[in-house]
1. Which of the residues that make up the range 1-19 are modelled with pLDDT of 95 or more, surrounded by fewer than 18 Cβ atoms within 10 Å (Cβ to Cβ) and not in a helix (DSSP H, G or I)?
2. Would you check which residues across the range 167-192 are open to solvent by 80 Å² or more (accessible area, probe 1.4 Å) and either under 20 Å from Arg220 (Cβ atoms) or among the acidic types (Asp, Glu) (or both) and list them?
3. Find all pairs meeting these conditions: Cβ atoms under 8 angstrom apart; at least six residues apart or on different chains; first residue within the range 16-38 and hydrophobic (A, V, I, L, M, F, W, C); second residue open to solvent by 60 Å² or more (accessible area, probe 1.4 Å) and outside any helix (DSSP H, G or I).
4. Kindly indicate whether any position in the range 109-125 is over 27 Å from Gly173 (Cα atoms), among the hydroxyl-bearing types (Ser, Thr, Tyr), open to solvent by 10 Å² or more (accessible area, probe 1.4 Å) and touching a residue at least 24 places away in the same chain (Cβ under 8 Å).
5. When Ala227 is evaluated against the numbered criteria (1) farther than 28 Å from Ala7 by Cα; (2) outside any strand (DSSP E or B); (3) touching a residue at least 40 places away in the same chain (Cβ under 8 Å), which criterion, by number, is the only one it fails?
6. Collect the residues in the range 234-250 that are touching a residue at least 12 places away in the same chain (Cβ under 8 Å), more than 18 Å from Pro123 (Cβ to Cβ) and not in a loop (DSSP other than H, G, I, E, B), keeping them in residue-number order.
7. Can you name the condition, by its number, that Val108 falls short on among (1) modelled with pLDDT under 95; (2) in contact with a Gly (Cβ under 7 Å, 6 or more places away or on another chain); (3) hydrophobic (A, V, I, L, M, F, W, C)?
8. Can you tell me which residues in the range 88-126 are under 28 Å from Pro241 (Cβ atoms) and β-branched (Val, Ile, Thr)?
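The values are calculated or read from the model by the stated rules, or taken from the named source; none is laboratory data. Note that the structure is predicted; figures quoted are calculated from it, not measured. For neighbour counting, all protein chains shown are included, and Cβ atoms are generated from backbone atoms with ideal geometry for every residue, glycine included. These area figures cover heavy atoms from the full protein model, side chains too; ligands, DNA and RNA do not enter into them. Shrake-Rupley method; radii C 1.70, N 1.55, O 1.52, S 1.80 Å.
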Amino acid sequence: MDSSVAAFYDDLADHYHLIYPDWRAAVARHGQLLDALLRAEGLAPPARVLDCSCGIGTQAIGLALRGYRVHATDLSPAAVARAAAEARGFGVALTTGVADFRALAAEVPGEFDAVLSCDNAVPHLPTDADLLAAARNMRAKLRPSGLLLISIRDYDALGAERPRSFAPRVFDGTDGRRIVFQVWDWDAAGGAYVVNHFIVREAGGRWETLHTATRYRALRRDDLAAALRAAGFADLRWHFPANGAYVQPLVTARAR
């Protein structure tokens, strides 16, 4: 990942909650779903969790609300700062730091019962070498037999379909209406794409547009699984939204 990824999330940090109909409700929902997955794998509060792509804290705060001891890191300093501020607003303890998940071994102290990366963060990694480096660094932060959780978009389907956009969503809030949508520009081979992310807000009878853009790899499940196995993970299992497990396809794996 280059500096443009951090810049994307820095620019979006103050507005990220606007992509949800109700972000605080999403925090509770994500915490509930991840708690269920952790408990199914034999972990429960006060287990130590590293959220290594925490953004503004959607998953980290959700788990902290349920009693987990969470350390939240991200490549984006602005996102990390907001996550810390939001945790205080929710009344939960959350430690934070700025870290690249390809360098967790050097940049994050301690050992954890679980490491998680949700909301399609790992596909920002452009190459197999980057992916393997991230997987090895996540492995380095886990205790023996510790649990890894990673969620990504369903690129097995999206890579074949190559959608050009996501349908606009219109939300009505106390501060006016907003429209959230994305335009996707695929490369010729279909292995990567640029997301143009738009938040259009009504304020005082006028409309204002926030546009940010970033690049993703269309990371297929088999390619992620191969990197995890090469990094020392075993017992890989996929969990899907259709089964109510999480909001994206999510893989769990154990550190060998």
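1. Of everything in the range 1-19, those that are modelled with pLDDT of 95 or more, surrounded by fewer than 18 Cβ atoms within 10 Å (Cβ to Cβ) and not in a helix (DSSP H, G or I) turn out to be Asp14, His15.
2. Across the range 167-192, the qualifying residues are Asp172, Asp175, Ala188, Ala189.
3. That search, which allows pairs on different chains as well, returns Leu18/Arg201; Val27/Leu65; Ala28/Leu65; Leu33/Val247.
4. The answer is no, given that none of the residues of the range 109-125 is over 27 Å from Gly173 (Cα atoms), among the hydroxyl-bearing types (Ser, Thr, Tyr), open to solvent by 10 Å² or more (accessible area, probe 1.4 Å) and touching a residue at least 24 places away in the same chain (Cβ under 8 Å).
5. The number of the failed condition is (1).
6. Of everything in the range 234-250, those that are touching a residue at least 12 places away in the same chain (Cβ under 8 Å), more than 18 Å from Pro123 (Cβ to Cβ) and not in a loop (DSSP other than H, G, I, E, B) turn out to be Ala234, Asp235, Arg237.
7. Going through (1) modelled with pLDDT under 95; (2) in contact with a Gly (Cβ under 7 Å, 6 or more places away or on another chain); (3) hydrophobic (A, V, I, L, M, F, W, C) one by one, Val108 breaks only (1).
8. Val92, Val115, Val122
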